[in-house]
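Below is one structure; the comments refer to it alone.
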Amino acid sequence: MSVDRISNMLSSIKNASMTGNPFVEIPHSNVCEQIAEILKKKKFLENVKVFKEKGDSFKRLRLDIVYDNGVSRITDVKRISKPGRRIYKSSASFRKIAGGFGISVVSTSRGILSSDEAKKRKLGGEVICIVW
């Protein structure tokens, strides 16, 4: 596993959706949970569950992936800001992703939001990833 938990989560989701797995389990972090909740709100994930197995000392996230007729709603996931290079955008520069079928996840001063919500609130911030 890599040190970057967000990249680890995104690649796990992408790999699971490409292979047809109904869910993926990853180590828990608050940022990953917030990103997963945004993906759930935008109907890319069906369920987000935080759990701790008996005998373990750490929490895990279970992310259930949404499938329509055997095809995942997640086509691709791309990490934009990386630990070595941060990418920031203003609210005016947010554009549609994949013709409006995708979303950007943005870390703002008001928390982690989708680009649609950040644009409504006129907040810019660090672009974490795009999902379509």
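The values are calculated or read from the model by the stated rules, or taken from the named source; none is laboratory data. Values in this document were obtained by computation on a predicted structure and should not be read as measured data. All Cβ positions, glycine included, derive from the backbone under ideal geometry; neighbour counts span all protein chains shown.
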- Query: Within the group Ser107, Ser115, which residue is surrounded by 11 or more Cβ atoms within 10 Å (Cβ to Cβ), at pLDDT 95 or above, touching an Asp or Glu at 6+ places or on another chain (Cβ under 7 Å) and not basic (Lys, Arg)?
  - Reply: Ser107
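Collect the residues in the stretch 11-30 that are closer than 18 Å to Phe51 by Cβ, assigned to a helix (DSSP H, G or I) and not small (Gly, Ala, Ser), keeping them in residue-number order.
Ile13, Asn30, listed by residue number.
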- Message: Just to verify a result, which residue in the stretch 118-132, among those that are of a type in the set (A, V, I, L, M, F, W, C) and without any contact (Cβ under 8 Å) to a residue 60 or more places away in the chain, is farthest from Arg73 (Cα to Cα)?
- Response: Leu123
- Query: For the subset of the stretch 55-80 comprising residues that are in a loop (DSSP other than H, G, I, E, B) and charged (D, E, K, R), which member is farthest from Val24 (Cα to Cα)?
  - Reply: Asp56
- For residues that are more than 18 Å from Lys78 (Cβ to Cβ) and hydroxyl-bearing (Ser, Thr, Tyr), tally how many sit in the stretch 13-45. 2
- Note on the structure: Condition set of a type in the set (Lys, Arg) and assigned to a loop (DSSP other than H, G, I, E, B), scope the stretch 31-46, selection nearest to Ser107 (Cα to Cα): answer is Lys42
- Message: For Ser115, only one of the following conditions fails: (1) free of Cβ contacts under 8 Å to residues at least 24 places away in the same chain; (2) more than 20 Å from Val31 (Cβ to Cβ). What is its number?
- Response: (2)
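When the stretch 15-40 is examined, which residues are found to be under 20 Å from Pro83 (Cα atoms) and under 10 Å from the mean Cα position of the chain (by Cα)?
Val31, Cys32, Glu33, Gln34, Ile35, Ala36
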- Within the stretch 91-125, of all residues that are in contact with a strand residue (DSSP E or B) (Cβ under 9 Å, 6 or more places away or on another chain) and among the hydroxyl-bearing types (Ser, Thr, Tyr), the one farthest from Glu37 (Cα to Cα) is Ser91
